[in-house]
Each structure stands twice: as C-alpha cells, then as structure tokens.
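Single-structure report; data block below.
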Amino acid sequence: MPTLEINTRIKAGLKTCFDLARYIDFYQKSSEHSSENAIAGKTSGLIELGEWVTWEAWHFGITQKLTSKITEFESPIYFVDEMVRGAFKSFKHKHIFKESYDNKFDVHCTLLTDIFNFQSPFGVLGKLTNIIFLKRYMVNLLATRNALLRQKTEELLKIK
C-alpha cells in the first residue's frame with residue numbers, strides 16, 4: 001500500500017488552515033482542473049466528523065464518483081477522510097496541522113502534513129499502475145491543492 005507524505009508551510013494560523021482545508025466550497029474551487037463537484041452528502045460548508053461527501057470528477061479521461069467520510073476529527077489539529085466507495089480499493093487521507101515557525105521570514109505559521117495511504121484495485125496491474133504514474137499523479141494533485149490552500153489563507157490574512 002503506497003503512502004504519500006506532503007508537507008506544506010502556510011503563513012497563517014492553525015484554525016484558519018484547518019477550516020479552509022475542510023471547506024467543501026474551497027475544495028471544489030481548488031479542483032477546477034478535474035471538474036470536481038460535490039453531488040451528494042455534505043455539498044457545501046465545513047465538513048464535520050461522521051459526515052460524508054460524494055464527489056464527481058474527471059480523471060484519466062473518464063467521469064468518476066468517489067464517496068469519502070470524515071472518520072477522525074480533532075479541531076484544529078487533524079482530520080481524516082476515508083473512501084467509502086470509489087475507484088481505489090481503499091484510501092485513508094490524514095490532514096495534520098501543527099504550529100510552526102518560519103525562520104526565513106521570522107513568522108509563525110502552520111505546517112500542514114498530508115499522509116495519503118491508498119490501495120489500487122486490480123492486484124498486480126494496480127501495483128504497476130502505481131509505479132508508472134498514479135503515485136506521481138496523486139502527489140501532484142495534493143501539492144497543487146495545498147499550494148492553493150496556502151495562497152488563499154495568506155490572501156485572507158492580508159485582507160484582515
């Protein structure tokens with residue numbers, strides 16, 4: 001089972017980062033390249049423990065649906081979403097938020113760590129798919145989303 005870890009330093013407070021990361025409307029905006037839309041369950045606002053959302057998206061040239069549920073939650077420290085139904089055999093995505101300090105810019109910030117564990121379907125063929133492109137695709141997807149999260153939270157702080 002591949003495990004991906006992405007670390008993103010954001011010049012904003014824990015609560016701001018935590019809330020934006022679980023804000024369905026932002027998630028949809030950050031996924032415009034794959035036309036992700038929340039179509040069932042929690043379809044807008046802040047997702048909470050025990051809630052689920054079904055996403056419809058365009059990946060790998062086909063429309064796919066994926067349902068995930070928030071299975072662990074401690075505001076503003078972490079939340080976990082797990083696939084209930086979808087193209088993966090399984091996945092578990094931990095979003096961990098930790099106060100940090102950026103010495104370069106002399107500013108307090110938040111370190112967001114995404115830990116994404118997944119299993120591809122189709123046995124050996126799925127493992128080969130992971131090696132050839134799926135791991136890289138998922139890293140790019142998470143890194144892009146986190147870059148937009150960083151940009152948006154830092155913009156929000158400049159407005160205040």
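Apply 1/(1 + (r/R0)^6) to the Cβ-Cβ distance of H59 and E99, taking R0 = 35 Å, and write down the FRET efficiency to the nearest 0.05. Calculated transfer efficiency: 0.55.
What translational diffusion coefficient, to the nearest whole µm²/s, does the chain have by Stokes-Einstein, given a Kirkwood radius computed over alpha-carbon pairs, a temperature of 10 °C and 1.306 mPa s viscosity? Don't jump to the answer; show the numbers that get you there.
Values: Rh = 16.3 Å.
My calculation gives 97 µm²/s for D.
For region 1-16, backbone nitrogen atoms closer than 13 Å to the point 7 Å from F133 Cα along Cα-to-C-beta are found at no residue. At what distance in nm do the modelled label points of K15 and E74 sit from each other, each positioned 7 Å from its Cα along Cα→Cβ? So the two model labels end up 1.9 nm from each other.
Going down the table (K11/K69; K42/K98; K42/K65), which pairs top 21 Å between alpha carbons? Pairs exceeding the cut-off: K11/K69; K42/K98.
Sort 20-31, 112-123 by packing, meaning the average of other beta carbons within 10 Å per residue, with the highest value first.
Details: 20-31: 18.6, 112-123: 16.3.
Packing order, densest peptide first, comes out as 20-31, 112-123.
The mean of 1/r over all pairs of different alpha-carbon atoms in region 78-160, once inverted, gives a Kirkwood hydrodynamic radius of 15.0 Å. Computed from Cα atoms, the angle from the helix 135-159 axis to the main principal axis of the chain rounds to 30 degrees. For the chain, adding -39500 (n - 2.57) for each run of n ≥ 4 DSSP H residues and dividing by the number of residues yields -9000 deg cm²/dmol at 222 nm. Taking other residues whose beta carbon is less than 15 angstrom from the beta carbon of F118, and scoring Lys, Arg as +1 and Asp, Glu as -1, yields +3.
Report the calculated FRET efficiency for E155 and L125 (r = Cβ-Cβ distance, R0 = 41 Å), to the nearest 0.05. Computed FRET efficiency for E155 and L125 comes out at 0.45.
Each reported figure results from applying straightforward, stated rules to the coordinates on display, with no laboratory input. All values derive from a computational prediction rather than experimental measurement. Cβ: placed from backbone, ideal geometry, glycine included. Neighbour counts: every protein chain shown.
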